[in-house]
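Reading through the structure tokens given below for one structure.
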Amino acid sequence: MSRFLVEGGCRLSGEVAVQGAKNSVLPILAATVLTRSECVLLGCPHLRDVEASIRILRRLGCCAQWEGDALTVDSAGLYRADISDLLMREMRSSAVFLGALLARCGRAEIAYPGGCELGPRPIDLHLSGLRALGAEIREEDGGTLHCTAAGLRGCEVVLGIPSVGATENLMLAACGASGTTTIVNAAREPEIADLQDFLRSCGASVGGAGSSAVTVEGGHPLCGCTYSIMPDRIVAATYLCAAAAAGGDVRLLRAEERHLSTLTAVLREAGCRIDADGASLRLRRSGRLRAVHPVRTAPYPGFPTDAQAVLMAAMLKSEGATVFEENVFENRYRHVDEMTRMGAEVRVSGRVAVVTGVERLHGARVRAADLRGGAALTLAALAAEGRSEIAGLAHIDRGYEDLGRDLRALGAQVVRTEEPEP
Ligand code: EPZ
């Protein structure tokens, strides 16, 4: 069982480069299936979720090879279109392989991706959109989806929710459809634009990403490419909130404020000084933070749900009370109980959490229950006096290449211990 040992109370200083974006590289890895050739992904983060996708690609018959932080995927050898329950359970966002496999092979068989720590993770919008494009999808009782598509045909698909995964799945399927597909009420996250840019680099005709209407002209043969993955805006948000929580003066390289403006606005309101300089962001915080207006999570360009926990960590010692409203996922306050073990005052009622700032936090033994909540507990430990232990690092490793390394680069006292499993 690996743990972080954190000695809190140190102000942060220094600079760190932000890794490639998990939520961009995962759909792009699925998209490599469309090219039947070699794609080189530069700036690819070494993450558990990326390794899970690599296992799926290799199981399908593709080759995948690391060279530093460049990952080369060759999908020429793909010979099957089924993804086992075991592989699907490792990462529920593997549902995005559905669209790519239907476009490439005309069939796909995947185990129904279960829920996760954040609550049920339905894919009804994915399936209804794929059916609109002509896929036949049979849901077997055991939770296997049998999908076939004699020929996908482009059409207009309206999403009831601007789902990131459904938008990405439909973009990939539409690349294999004849004619034009328009995804209405598409998700507008920056990772959608990164997927569009990757697909364009492979020769696809895709437009509108970043707006709520994405259009794909299907049927173009796609070729391999070399592509640089965008920086991870949620990792950048995490490090900004680390400096806000611990105090200090940090610079993030490869962090674009335009992708984080809702968060930087809140941090400025709380009393942080943030200066943007092209692709880097500097945050300074000296005095005590003050409470801010209610923080309501929403699809992009609203406040990102993935930054809710780490901002909460930064606000635990602020002056006054801050209201959080989690509107995207049902169960995204699992970090709260653990934060209260450090002396935080947070009350949760349904989708609302009220943080009443305290003067001091004290170290404690806590356990991560999900990816962003685990990162948030680590940030809270930086702001606490004394020693904290954070267990459950496997959650954190899904989305952060090396959170301990990066926080140490900023002066934090964080070490990782690998204890043998009991
Ligand atoms: C992506 O998840 C991200 N994951 C999540 O990041 C992120 O929190 C989320 O988008 C929202 O920004 C990846 O990109 C790999 P959604 P996704 O489909 O695609 C409901 C992290 O920490 N919904 O936009 O699963 C769904 O239940 C992770 O990095 C349906 O009802 O998110 C949720 O309430 C966590 N039916 C809401 O929509 C569907 O068919 C948003 O989900 C699909 C989604």
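The values are calculated or read from the model by the stated rules, or taken from the named source; none is laboratory data. Remember, it's a predicted structure, so these values are computed and weren't measured experimentally. Cβ atoms come from the backbone with ideal geometry, glycine included; neighbour counts cover every protein chain shown.
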The stretch 397-420 - residue that is away from the ligand (no atom under 16 Å from the Cβ) and assigned to a loop (DSSP other than H, G, I, E, B) and, of those, surrounded by the fewest Cβ atoms within 10 Å (Cβ to Cβ): P420
Starting from the stretch 225-242, take each residue that is within 13 Å of the ligand (Cβ to nearest atom) and list its partners that are modelled with pLDDT under 95 and assigned to a helix (DSSP H, G or I), counting only C-beta distances under 9 angstrom and pairs at least six apart or across chains. none
Tell me which residues, restricted to the stretch 330-346, are modelled with pLDDT of 95 or more, assigned to a loop (DSSP other than H, G, I, E, B) and either under 25 Å from the mean Cα position of the chain (by Cα) or buried (at least 22 other Cβ atoms within 10 Å of the Cβ) (or both). R332, Y333, R334, H335, M342, A344
Could you give me the residue pairs with C-beta distances under 7 Å whose first residue belongs to the stretch 124-150 and is outside the structural domain of R107 (by TED's automatic domain parsing) and farther than 13 Å from L98 by Cα, whose second residue is crowded, with 18+ Cβ neighbours inside 10 Å and hydrophobic (A, V, I, L, M, F, W, C) wherever it lies, and which are 6+ apart or on separate chains? none
Tell me, which residue of the stretch 103-135 that is over 12 Å from L145 (Cα atoms) and in contact with a Cys (Cβ under 6 Å, 6 or more places away or on another chain) is farthest from the ligand (Cβ to nearest atom)? A103
Counting just the residues of the stretch 174-205 that are charged (D, E, K, R) and part of a loop (DSSP other than H, G, I, E, B), which one comes out nearest to the ligand (Cβ to nearest atom)? E189
Going residue by residue through the stretch 20-41, is there one that turns out to be in contact with a Gly (Cβ under 6 Å, 6 or more places away or on another chain), crowded, with 18+ Cβ neighbours inside 10 Å and closer than 30 Å to A383 by Cα? yes
Could you say whether any residue in the stretch 386-396 is under 23 Å from D249 (Cα atoms), within 16 Å of the ligand (Cβ to nearest atom) and among the β-branched types (V, I, T)? no
Cross-chain or 6+ apart pairs with Cβ under 8 Å, the stretch 91-102 first and more than 14 Å from L170 (Cβ to Cβ) and assigned by TED's automatic domain parsing to the domain that holds T148, then assigned to a helix (DSSP H, G or I) and more than 9 Å from the ligand (Cβ to nearest atom): M91/A52; M91/S53; S94/A30; S94/A52; S94/S53; S94/I56; S94/L87; S94/M88
Is there any pair with a first residue in the stretch 157-168 that is near the ligand (Cβ under 8 Å from one of its atoms) and a second that is polar (S, T, N, Q) and not in a helix (DSSP H, G or I) whose Cβ atoms are under 7 Å apart and which are 6 or more apart or on different chains, and what are they? P162/N185; P162/S212
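From the list T264, T322, T297, which one is within 14 Å of the ligand (Cβ to nearest atom), within 29 Å of E15 (Cβ to Cβ) and among the hydroxyl-bearing types (S, T, Y)?
Working: T264 fails: within 14 Å of the ligand (Cβ to nearest atom); T322 fails: within 14 Å of the ligand (Cβ to nearest atom).
The match here is T297.
Look at the stretch 367-382 and say how many of its residues are outside any strand (DSSP E or B) and either surrounded by fewer than 24 Cβ atoms within 10 Å (Cβ to Cβ) or at positive phi (or both). First the steps, then the outcome.
Here is the first cut: in the stretch 367-382, the residues outside any strand (DSSP E or B) are 368-382.
Next, from what is left, pick out any that are either surrounded by fewer than 24 Cβ atoms within 10 Å (Cβ to Cβ) or at positive phi (or both): 369-370.
Of the residues in the stretch 367-382, 2 are outside any strand (DSSP E or B) and either surrounded by fewer than 24 Cβ atoms within 10 Å (Cβ to Cβ) or at positive phi (or both).
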Given (1) more than 21 Å from L377 (Cα to Cα); (2) within 22 Å of the chain's Cα centre (by Cα); (3) without any contact (Cβ under 8 Å) to a residue 40 or more places away in the chain, number of the condition H293 does not satisfy: (2)
Okay, helices (runs of 4 or more DSSP H) sitting entirely in the stretch 51-157 with 1 or more residues that are surrounded by fewer than 18 Cβ atoms within 10 Å (Cβ to Cβ), I get 85-90, 124-132
